[in-house]
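Structure first, then comments.
Nothing in this text is a laboratory measurement; each read-out follows from the coordinates by a stated rule. Please read all numbers here as calculations on a predicted model, not as lab measurements. All Cβ positions, glycine included, derive from the backbone under ideal geometry; neighbour counts span all protein chains shown.
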Ligand SMILES: [Zn+2]
């Protein structure tokens, strides 16, 4: 599996990473070698898409790509680290939050995979904040 497959899976709202056949280490990102034992003996692993918000940051100084989506000083967006139900952590956009009021966003909150398909070539890994 390569990164093209990773994004194809995301388009179907499936988060598929890898699991090491030697030590069992999981990764929600594409790797060719295990980050724990360096083995290249990896299998695909589908994650449930459920997780919790570990940390986040609300960003108002945005890259061009985000500005094109309408984000900016008056409309910040939220980016976070999600700890998946299965354990691995992954960086993703956090949806269904008011990034103008970060004090209302709580770490530990349940999240659910909600891939955004604005650009069909490269879907955006995102999680929905569940109230
Ligand atoms: Zn390993």
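Relative contact order of segment 1-47, please, whole-number percent, based on alpha carbon pairs below 8 angstrom and at least 6 residues apart. Working shown, then result.
On the way: 79 pairs, mean separation 17.5, N = 47.
Value for segment 1-47: 37 percent.
Is the C-alpha gyration tensor of segment 71-131 telling us rounded, prolate or oblate? Criteria: a/c under 1.5 is rounded; beyond that, a/b larger than b/c is prolate, otherwise oblate. Intermediate values should be presented prior to the final figure.
Values: a/c = 2.02, a/b = 1.03, b/c = 1.95.
Oblate.
Could you tell me what fraction of 2.2 N^0.38 Å the Cα radius of gyration of segment 8-131 comes to, as a two-decimal ratio? Don't jump to the answer; show the numbers that get you there.
Details: Rg = 15.5 Å, N = 124, 2.2 N^0.38 = 13.7 Å.
Compared with the compact-globule rule of thumb, segment 8-131 sits at 1.13.
At 222 nm, what value in deg cm²/dmol follows for the chain if DSSP H runs of at least 4 each add -39500 (n - 2.57) and the sum is divided by all its residues, to the nearest 500? Result for the chain: -2500 deg cm²/dmol, rounded to the nearest 500. Each Cα pair under 8 Å and six or more residues apart adds its sequence gap; the mean of these over the residue count of the chain is a relative contact order of 22 percent.
Relative to the present Cα-Cα distance, how much length would full extension add between residue 30 and residue 55 at 0.36 nm per residue of separation?
6.8 nm
Measuring r between the beta carbons of residue 116 and residue 43 and using R0 = 30 Å, the FRET efficiency lands at 0.65.
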